[in-house]
Each structure stands twice: as C-alpha cells, then as structure tokens.
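The values are calculated or read from the model by the stated rules, or taken from the named source; none is laboratory data. Keep in mind it's a predicted model, so treat the numbers as computed, not measured. Cβ: placed from backbone, ideal geometry, glycine included. Neighbour counts: every protein chain shown. Calculation scope for accessible area: heavy atoms of the full protein, side chains included, ligands and nucleic acids excluded. Shrake-Rupley method; radii C 1.70, N 1.55, O 1.52, S 1.80 Å.
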Amino acid sequence: MNPTSASAPTSPTSAYVVGLDAGGTRTRAVLAPLRAGDAEGEGGGEGVGGPGNALTVPGAQLTEHLVEALAHAVPEGLHSRVVAVAGGFAGASRTAPDEPGRVKAHAALTVALSRLGIDAASVEIHSDIEAAFASAPGNPADGLALVAGTGAVAARITARACTTTAGGDGWLLGDDGSGFWIGREAARVVLRMADGRGGPTALAASVGRTLGVPEDVLPGEVSGPYDEGSWTRARREAYRMHLLPAVMAEPPVHLARLAPLVTEAARGADAVATGILEAAADHLTATLRALEPRPGERVVATGGLLGPDGPLTTPLTARLDPLGLALDWVADGSQGAVALARLGYEG
C-alpha cells in the first residue's frame, strides 16, 4: 500500500503507527505517534494477545490473537488514524516474498486489521529477531542479534534485514542453550541420578515436585553422594516411573518451565545445575561465533535468559569479552516494530 493513499491522515502529527511483537508465548501490540517524540495526545496504549508464531499457530487462531492485542492497544476512536503497522513475527522471514511464515502472518494481520476497521497505508511483516534488533537504542540497521528464551537463535542483520542465521532449529533439532534446552537437561540429569548414572543434585527434588512426583519417593536433601539408606533403589525406580509419564504427557517445549529450577539450584551452589548453565552459555557463544563476528560489532540480545537478571548474562559476557563483543539487551521487539512501522510509512 502507498502512504499517499486516501486512507492516510492529512496531518502527520495526528497519525499513529502500531508495532507488533508476535512471539511463541504472546503477541504484544504498541500504539505510538507517527513522528518519534510527538506527544501521544488523546490515545496510545498497549495490548496483549495469545501466541503469534506464524508457523505453529493455526491461521484463524493467529488472527484472533492479533485482533485481541490490537483492540486493546488502539482505542476505537483512533482506528482511522493508524497509518502504518509493522509486525515482528516468530516463524516469519523476509528471505522471499512467498516465504510461508511471512505469507501466513500477512494474511492473518490483514484480516485482523480489516475486522477492526484499521485501513493502514503501510502493513509490513518482519521476523521477530529483526524487530528485536531494531529495538536497541538508535534503532540500528546492522549487527548481530541473539535471542535466548524458550528457543535460541542468532542472526546477522544487514540493512535491517536478517541475512544469515545460526541455531533456532526448534526443540527437536536445535535451540541449544535455550530455556527448553536447559529444562530438558534438568530432566535428564535427575533421571541419571535416579538410575545411578549421575551424581547428586538438588534438582531431583525440585523437578520431581514440579512434575507431580509423590513426596514419599522424592530424595531428601542433597549434600553429598546419596546411598541406599537415604534414597533406596525401590524409591528411585518409583521416582522414574512417575517422572517419565509426567514429562511425556506434555508438549516437549513445556520442559522450558524447568529452567528456573536450574537457576535456583545454581544459586545454591549445586554443581550439576551450575554445569548446565555453563554449558548453555557455551552453546550460545558457539551460535554467535558461527556468524563470524567482528570485534566491537554490536550484539543486541533479548529473551528471558539474558538481560539484567538473566541467568546466562554473566557467563555469556565472560565468554564474549575475549572476542571484543558486548551484549546490548532489549526487553522485546515491540519498540523495534514501532520503528520499522515508521520507516515503512516513510519509505
């Protein structure tokens, strides 16, 4: 669509844009003035809807989640003054006009906007990692992006477009160092402890409780190698027989909910949990190194495992320092999507 169409407001100062950050767990919409720095006047807001992964969420459901987020973000009286919308979608790519995720996201967003009576002059689809990168201060156009949340992926961004990726191959084939990977490792180490292949870890009790294992078969406090007196073979076998069905009953990606237990155990100096986090940081470092970073190159990071309180921030920073790299963390891609919406309207 052309920004000079009849649907565009005559006064730029009265116009608005919407940025969407559509990820694997939720969709966030942000309304902002067309001109950065303008007062929002009579409107402006944020809205949240359900998951927005363009590949895994069915089309009709994706549309509903977009409608939900947009309806909360854009007051009805401002629908006619939205001139541009840009969405950063998980599962979408700008590698080709007919890329499946991009086509599906555009179709769902078009229907959602139509249902709300929003006739924006510019509607653009980006990947979620492009939107996250653009969220950094100054809305950069070139550099590296790293996402470390439920999944994990790194990308090289050139002229605001993702040109090369490393990782991000999903729970079955990749996402090494992600929240899912950490949670899966937690389940694996407690099963090894139970059958005698692994050393003691406080995770056996915390993971067991989280997955509904009966208290009478959980191990006691772990302060050293367990023995038959503290956790008998019969109790360990019962533990395994309760834990395995509990894991198998849920989608694999739900193992990510065990990641905070690893962080908590590591804070308590649990050697096994600390080893999991160190290995996760190694994986993320290898993912970035695959993109052949240059010393001093900007690295924009997002995701719950990084940031001010992220469990991987310190170990990953220690690994990136010798490479001349530093993390520039952003909370999500919504502000980057706003910037991309403004650029789309102007360009």
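Could you go through the range 86-103 and let me know if any residue there is under 13 Å from GLY52 (Cβ atoms) and among the aliphatic types (A, V, I, L, M). Yes; the residues of the range 86-103 include at least one that is under 13 Å from GLY52 (Cβ atoms) and among the aliphatic types (A, V, I, L, M). Across the range 135-145, the qualifying residues are those that are in contact with an Asp or Glu (Cβ under 9 Å, 6 or more places away or on another chain) and among the small types (Gly, Ala, Ser), and the one among them that is most open to solvent (accessible area, probe 1.4 Å) is SER135. Checked against the criterion of being free of Cβ contacts under 8 Å to residues at least 40 places away in the same chain, more than 18 Å from the chain's Cα centre (by Cα) and surrounded by 24 or more Cβ atoms within 10 Å (Cβ to Cβ), the candidates ALA194, ALA204 yield just one match: ALA204.
Checking the range 107-128 against the condition returns a match, with at least one residue being of a type outside the set (A, V, I, L, M), out of contact with any helix residue (DSSP H, G or I) (no Cβ under 8 Å at 6 or more places or on another chain) and free of Cβ contacts under 8 Å to residues at least 24 places away in the same chain. With the condition kept exactly as written, say whether any residue in the range 117-134 is open to solvent by 30 Å² or more (accessible area, probe 1.4 Å), closer than 29 Å to ALA280 by Cβ, modelled with pLDDT under 95 and in a helix (DSSP H, G or I). Taking every residue of the range 117-134 in turn, at least one turns out to be open to solvent by 30 Å² or more (accessible area, probe 1.4 Å), closer than 29 Å to ALA280 by Cβ, modelled with pLDDT under 95 and in a helix (DSSP H, G or I). The set of residues in the range 297-336 that are more than 16 Å from VAL147 (Cα to Cα) and small (Gly, Ala, Ser) comprises ALA318, GLY324. Condition check for THR302 on (1) open to solvent by 20 Å² or more (accessible area, probe 1.4 Å); (2) polar (S, T, N, Q); (3) under 24 Å from TRP181 (Cα atoms): one failure, at (1). If you go through the range 19-37 and keep only what is on the phi < 0 side of the Ramachandran plot and either assigned to a loop (DSSP other than H, G, I, E, B) or among the hydroxyl-bearing types (Ser, Thr, Tyr) (or both), you end up with GLY23, GLY24, THR25, ARG26, THR27, LEU34, ARG35, ALA36.
What do you reckon, is ALA71 under 21 Å from GLN335 (Cβ atoms), open to solvent by 40 Å² or more (accessible area, probe 1.4 Å), hydrophobic (A, V, I, L, M, F, W, C) and not in a loop (DSSP other than H, G, I, E, B)? Judged against the criteria, ALA71 is a match. The residues of the range 74-89 that are open to solvent by 10 Å² or more (accessible area, probe 1.4 Å) and either free of Cβ contacts under 8 Å to residues at least 12 places away in the same chain or outside any helix (DSSP H, G or I) (or both), listed by number, are PRO75, GLU76. Picking from residues in the range 317-335 that are within 16 Å of the chain's Cα centre (by Cα) and either acidic (Asp, Glu) or at pLDDT 95 or above (or both), the one that is most open to solvent (accessible area, probe 1.4 Å) is ASP328. Of all the listed residues (ALA186, ALA246), the sole one being over 22 Å from LEU55 (Cα atoms), modelled with pLDDT of 95 or more and open to solvent by 10 Å² or more (accessible area, probe 1.4 Å) is ALA246.
Here's the yes/no breakdown for (1) assigned to a helix (DSSP H, G or I); (2) not polar (S, T, N, Q):
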| position | (1), (2) |
| --- | --- |
| ALA145 | no, yes |
| THR150 | no, no |
| ALA155 | no, yes |
| THR163 | no, no |
| GLY177 | no, yes |
| TRP181 | yes, yes |
| ARG188 | yes, yes |
| GLY199 | no, yes |
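Inside the range 146-162, residues that are farther than 22 Å from PRO311 by Cβ and open to solvent by 20 Å² or more (accessible area, probe 1.4 Å) make up a count of 6.
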